[in-house]
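Q: Here it is: the structure, laid out below.
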Amino acid sequence: MFADTPIESITFNGYPIFVKRDDLLSEEFSGNKARKFAYFLDNDFPGKSGLVGYGSPVANSLYSMSALAKLKGLTLDFYVDHIAEQVLLSTKGNFAAATANGANIIDLSKVADRQELSVIEYIEQKVLPDRNELLFVPEGGRCEYARYGVHKLAQEIVMWAKMQGLHELRVFLPSGTGTTAVFLSEYFVLNTLTIETNIQVYTCACVGGPDYLKQQFCQLIPNANLHPKIVELDKKYHFGKLYKPFYDMHNKLLDSGIEFELLYDPLGWMCVEKLIEHEAELATLYIHQGGLLGNATMLPRYQRKYP
Ligand SMILES: *Cc1c(COP(=O)(O)O)cnc(C)c1O
């Protein structure tokens, strides 16, 4: 479905860092969600007429699922806990774009039969039973299906590293659910005997802490030998909050020629900074996982806070 994405080099803190431009993977998707949903794009699901998803109303995964549904001619029912007023009013960003794609976004704070159910319980109890025409996709594509597309990404990296003649490579990507990082790492470890480059995956926990991320890895792949290494910083940053160092990092990267998003990437690059402080000579590849659509709502917030 997708062509291989290019790998470029930028200068970061005086060192060359390679960047895998998965943000250029597809116009319709936000980067890594296209990798995670590739299985759904490349396969047909006979008898299914609609997708069911859930998560944050401002998430890349909502927008990407709406794009997937549209491409496959499926409906999308996306369940959220509640929708903030400013999200409903915004004309840009993931929520607005998903709505434009025809997504049906259901605010469970407004339904009569919710009782005390969580979003996932509501879907399991009230939505899915006896509805075989619906295909359920866990939050952020955190499921086995994601392996297919992420292993394709791994193969592209292996081929590139071989062409570069690299003996050793450090791959970094920031994690939300950790799905992309753990499947990537799994591929490199399981295929070490045939891969000519020694590749180690590093990541960081943007949502929740490192323990939460390890749990997420284990749910998908119990064998910890296959997990990526988690980089930790001294200070704790909360997901979705605004931090001056994040904004500074974003602008520094912009100066080096590539725009990144503002939820995951600033923390990601701060971890890369730490990694190269410890070991500068090792070739490093950063995976740009897209998500730029979200900058339409994040950048104005930053500009207001730090004019
Ligand atoms: C979804 C997303 C992530 C997190 O991916 P996981 O597989 O959930 O860890 C990281 N960066 C961007 C830009 C994303 O959209």
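The values are calculated or read from the model by the stated rules, or taken from the named source; none is laboratory data. This structure is a prediction, so every number in the text was calculated from the model and none was measured. Positions of Cβ are backbone-derived with ideal geometry, glycine not excepted, and every protein chain shown enters the neighbour counts. The area values use the complete protein model at the heavy-atom level, side chains included, leaving out ligands, DNA and RNA. Shrake-Rupley method; radii C 1.70, N 1.55, O 1.52, S 1.80 Å.
Q: On the basis of being within 16 Å of the ligand (Cβ to nearest atom) and surrounded by fewer than 19 Cβ atoms within 10 Å (Cβ to Cβ), does residue 152 make the cut?
A: yes
Q: Now for a different question. Quick one: would you say residue 55 is under 18 Å from residue 79 (Cβ atoms) and either within 11 Å of the ligand (Cβ to nearest atom) or open to solvent by less than 50 Å² (accessible area, probe 1.4 Å) (or both)?
A: Spelling it out, residue 55 is indeed under 18 Å from residue 79 (Cβ atoms) and either within 11 Å of the ligand (Cβ to nearest atom) or open to solvent by less than 50 Å² (accessible area, probe 1.4 Å) (or both).
Q: Another question about this same structure. May I ask you to list the residues in segment 242-257 that are more than 22 Å from residue 61 (Cα to Cα) and either part of a loop (DSSP other than H, G, I, E, B) or not aromatic (Phe, Trp, Tyr) (or both)?
A: 243, 244, 245, 248, 249, 251, 252, 253, 254, 255, 256, 257
Q: Looking only at residues in segment 158-181 that are closer than 18 Å to residue 284 by Cα and within 16 Å of the ligand (Cβ to nearest atom), which one is surrounded by the fewest Cβ atoms within 10 Å (Cβ to Cβ)?
A: Of everything passing the filter in segment 158-181, 172 is surrounded by the fewest Cβ atoms within 10 Å (Cβ to Cβ).
Q: Please go through segment 1-25 and pick out each residue that is in contact with a Ser or Thr (Cβ under 9 Å, 6 or more places away or on another chain) and among the hydroxyl-bearing types (Ser, Thr, Tyr).
A: Within segment 1-25, 11, 15 qualify.
Q: Which one is nearest to residue 291 (Cα to Cα), of the residues in segment 39-52 that are more than 16 Å from the ligand (Cβ to nearest atom) and not in a loop (DSSP other than H, G, I, E, B)?
A: Among those residues, the one meeting the criterion is 41.
Q: State which residue is surrounded by the most Cβ atoms within 10 Å (Cβ to Cβ) when the search covers only segment 194-217 and only residues that are part of a helix (DSSP H, G or I) and of a type in the set (Phe, Trp, Tyr).
A: So, considering only residues that are part of a helix (DSSP H, G or I) and of a type in the set (Phe, Trp, Tyr), the one surrounded by the most Cβ atoms within 10 Å (Cβ to Cβ) is 217.
Q: With the requirement that a residue be outside any helix (DSSP H, G or I) and either free of Cβ contacts under 8 Å to residues at least 12 places away in the same chain or within 13 Å of the ligand (Cβ to nearest atom) (or both), what does segment 58-79 give you?
A: 58, 59, 73
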